[in-house]
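For reference, the structure discussed in these notes is given below.
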Amino acid sequence: MNVRPDFSKHGNKAETAPAFLSVWDMHSYYGESYIVQGISFNVHEGEILALLGRNGAGKTTTLRSIARLDDPQVNHGEIWLDHQPLHNMKSYEAATVGLGLVPEDRRIIPGLTVEENLKLAQIAPPIGWSIERLYDLFPRLGERRNQEGVTLSGGEQQMLSIARALARDIKVLLLDEPYEGLAPVIVDEIEKTLRVIKQQGMTTIIVEQNAVRALQLADRAVILDTGSIVFDGTAEEVLENESLRAEYLAI
């Protein structure tokens with residue numbers, strides 16, 4: 001059995017509890033562009049981590065690198081999830097061991113209903129997230145189960161994208177700008193849902209330009225600046241540190 005090495009000593013802040021997801025010395029490129037420059041951090045099981053920074057800091061690149069997508073190219077580093085090494089896997093292999101990426105553009109499949117989108121993603125038989133349980137979590141989706149997914153509102157499509165990731169019984173939810181373009185009332189609804197699945201043990205990394213909302217949801221925060229980590233600590237520390245917010249988050 002693969003055993004995840006202890007990378008905590010390489011991170012920006014020492015941690016005594018074992019990590020569930022570990023990223024160690026990861027370097028990622030888009031062609032010749034050096035985007036993520038040797039970052040290391042840990043995420044604990046059941047934790048929500050806010051991955052923050054200004055535009056171009058490397059946040060989405062980090063998520064896509066963890067999810068093992070073909071772009072960007074990870075040239076160096078290790079990624080471990082629940083004692084399994086991900087760094088040599090393809091994206092579909094990483095998905096089968098428990099990573100669920102919800103991209104900013106949501107990627108709802110045209111021509112399929114809400115329920116068909118969910119059933120296509122669902123493992124068989126479902127272990128934790130049945131279709132009906134997902135409808136309990138997202139009642140709006142239950143009401144629109146027979147509606148074509150791409151005809152939903154932006155907020156409802158975001159709900160469907162999250163529900164579709166959960167349908168695969170994932171271990172880690174990776175959210176890229178989940179609040180982008182949504183009305184505050186819909187953001188409130190999605191945030192409430194993320195709190196519910198956290199209570200049920202879901203581990204989550206959220207990238208979000210609305211840093212205050214992300215910090216109010218998260219347990220911990222990692223702040224990136226030009227591809228490097230400049231802060232790794234509690235979300236509360238960031239909320240209380242005006243100079244840190246102003247310098248790296250412009251808030």
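All of the numbers you see were taken from the coordinates with simple rules; none came from a lab. This is a predicted model, so every value here is computed, not measured. Cβ sites come from the backbone with ideal geometry, for glycine too, and all protein chains shown count toward neighbours.
Lysine pair count for the chain with Cα-Cα distance under 28 Å and sequence separation of 8 or more or different chains is 19. For the chain, the residue among 122, 35, 203 whose Cα projects farthest onto the positive side of the dipole built from Cβ charges is 122.
How high is the relative contact order of the range 36-87, in percent, counting Cα pairs under 8 Å that sit 6 or more residues apart?
Once divided by the residue count of the range 36-87, the mean separation gives 23 percent.
The sum of -39500 (n - 2.57) across all DSSP H runs of n ≥ 4, divided by the residue count of the chain, sets its helix-only mean residue ellipticity at 222 nm to -9000 deg cm²/dmol. Think of each Lys and Arg Cβ as +1 and each Asp and Glu Cβ as -1; about the Cα centre, that makes the dipole of the range 60-161 roughly 60 debye. Of the peptides 205-214, 227-236, the ranking by mean beta-carbon count within 10 Å, highest at the top, reads 205-214, 227-236. Convex hull volume per residue, computed on the Cα atoms of the range 85-207, equals 106 Å³.
Quick check: residue separation of residue 119 and residue 34 times 0.36 nm, minus the Cα distance between them. What number comes out in nm?
Extra length from residue 119 to residue 34 when fully extended: 26.8 nm.
Summarising the strand pairing of the chain, around 60 percent of its internal DSSP beta bridges are antiparallel.
If you take the beta carbon distance between residue 75 and residue 230 as r and set R0 to 22 Å, what does 1/(1 + (r/R0)^6) give as a FRET efficiency, to the nearest 0.05?
0.50
For the chain, the relative contact order is 26 percent, taking Cα pairs closer than 8 Å that sit 6 or more residues apart in sequence and dividing their mean separation by the residue count. Put simply, the convex hull of the Cα atoms in the chain casts, on average, a shadow of 13.3 nm². Nearest 0.05, what FRET efficiency do residue 188 and residue 242 give at R0 = 22 Å with Cβ-Cβ as r? After rounding, the FRET efficiency stands at 0.30.
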